[in-house]
1. When you scan the range B:299-319, how many residues do you find that are within 19 Å of residue B:393 (Cβ to Cβ) and either outside any helix (DSSP H, G or I) or within 16 Å of the chain's Cα centre (by Cα) (or both)?
2. Only one residue in B:186, B:180 is in a helix (DSSP H, G or I), at pLDDT 90 or above, buried (at least 17 other Cβ atoms within 10 Å of the Cβ) and more than 10 Å from chain A (Cβ to nearest Cβ). Which one?
3. Can you name every residue in the range A:74-83 that is surrounded by 13 or more Cβ atoms within 10 Å (Cβ to Cβ) and over 17 Å from residue B:148 (Cβ atoms)?
4. Residue B:206: more than 9 Å from chain A (Cβ to nearest Cβ) and either surrounded by 20 or more Cβ atoms within 10 Å (Cβ to Cβ) or touching a residue at least 60 places away in the same chain (Cβ under 8 Å) (or both), yes or no?
5. Just checking, does the range B:243-252 include any residue being part of a helix (DSSP H, G or I), out of contact with any helix residue (DSSP H, G or I) (no Cβ under 7 Å at 6 or more places or on another chain) and either at pLDDT 90 or above or away from chain A (no Cβ under 14 Å) (or both)?
6. Just one of the numbered conditions (1) part of a helix (DSSP H, G or I); (2) touching a helix residue (DSSP H, G or I) at 6+ places or on another chain (Cβ under 7 Å); (3) in contact (Cβ under 8 Å) with a residue 24 or more places away in the chain is not true of residue B:144; which one?
7. I'd like to check which helices (runs of 4 or more DSSP H) are fully inside the range A:45-148 and have at least 3 residues that are at the interface with chain B (Cβ under 7 Å from one of its Cβ atoms) and modelled with pLDDT of 90 or more.
């Protein structure tokens, strides 16, 4: 499939409120492949652009369970199976003494899966991305708010999208080359 | 905040950010410290001095590797000297960073946003300093990897029933999670630095470090979930770390160690000394870099209040220790109490009571809580006091236990002091570097505090 030379059309807004309103209007107008960019997290913005399932909690839960189970089994296997050592007459499988390391391993694995899960699901690291081709986009990490309609959207047509975004009263509109 | 929640005291309080700031000014002000402000002579002098102290640390450690721990003052019966005192002190200091970044986040204390970044950096550097000591005090540091469950040709495994093994896992988990928390917090801010700088090489470096962050709403959503969960995980973790450190002592049967008050009292002491360190760093930083708008009187006040509260918990811990020594009926515990008050190390014990209990009571006075100079000195006193506390716990309990025939004295050598002062140098050197290459205040979290950031449904 030939790639569209245009990645999408981007509108720039002045405030978080304007971006949230614009995102809602755009999504309700039937544009589904859109994204919004802001210099800080805005509550509810992701939902407005149709993001409903966050994978992170489940990832962390699975990571934590793997960490806890493997931490306990590691201690059990090493102390009771592979290298049983009598320490002060304590049982080989002295479970109360194993709880702390089990706990620490749970936290360790859960924390690592939180961070690496976030990066993986976000597709990071990704040093290059088409949106960086727009010079004004450098303000997205400072004080500007951007909304993009991707050219892969079913309803996308260059003129129509531009007209639609202009009606949202943005500060500027740019084409994003891919 | 809705009007009805604003109490009268809220209105009297100093704001978290001084009025008049916008997204742009907050960004410029914090990122300019890194990007445009030239390093001053004072910075070079401070950094140079700390660098020399770090070299002294490496020298002391090099000599230690050459000669063995005989160069230290440790002997039998005092096998745990400065190394463990300093380890516990540094780990404790680290705790305030996690408390500020994780626990205060969960409690929705938004004032934390302007001090969490460098408090987290402080945690990381303090844990690095702490990590030096257990690794070198094992006597044969090249075998320190035996502490980890690594398959080996001797077909032996670590002994998991020992609190020292728990400590290995607790501290290494703590170091890992603190590093992840700090780094992920930096990702959006490094993207800001990437976009602000004109220097192409710096753009590449920050661009790589921020992993190409572009602030997409989907990314932010996952990011915030991750951050909140990490805070939720770090909260029980930080409480567990000093608890486990206290188990190193409390599980032993030595009089003065074998007590159930240790875990809560260690955690409170850790937060106490940690906030003292936060203030000792924040007060000069806000002054030198002109950040009084972001680290306001409110932050100083709140930190002082946390110190006052945790200080009282610590005082309660001392009280219970003394009470149990007297009331418990164990003659060795009773002797430990007597020995603390009247023995050869009575000086450090009384000094610790003065530093940790008596002097900090002046924080009840509002005027002193808001005076940077007074707070700076009180924090210094508390840090000294908390170091003395660990000295008392480690050395006093060991030097006179059950048999008079095995009593002894501990005299730290110059190598002990060089290692200790060297880690302070290393800590401050890392802090100096951090201030120049990364944003010392979380820029994106500061933006969320501005009134413009509010969105109505």
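The values are calculated or read from the model by the stated rules, or taken from the named source; none is laboratory data. Just so it is clear, the structure is predicted and the values come from calculations on it, not from any experiment. So basically every Cβ, Gly included, is an ideal-geometry build from the backbone, and we count neighbours across all protein chains shown.
1. Of the residues in that region, 2 qualify.
2. B:186
3. A:76, A:80
4. So residue B:206 passes the test.
5. No, the range B:243-252 contains no residue that is part of a helix (DSSP H, G or I), out of contact with any helix residue (DSSP H, G or I) (no Cβ under 7 Å at 6 or more places or on another chain) and either at pLDDT 90 or above or away from chain A (no Cβ under 14 Å) (or both).
6. (3)
7. In the range A:45-148, the matching helices (runs of 4 or more DSSP H) lie at A:56-76, A:95-121.
To keep it simple, each residue is scored yes or no on (1) more than 19 Å from residue B:236 (Cα to Cα); (2) at the interface with chain A (Cβ under 7 Å from one of its Cβ atoms).
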| position | (1), (2) |
| --- | --- |
| B:146 | yes, no |
| B:160 | yes, yes |
| B:166 | no, yes |
| B:170 | no, yes |
| B:201 | yes, no |
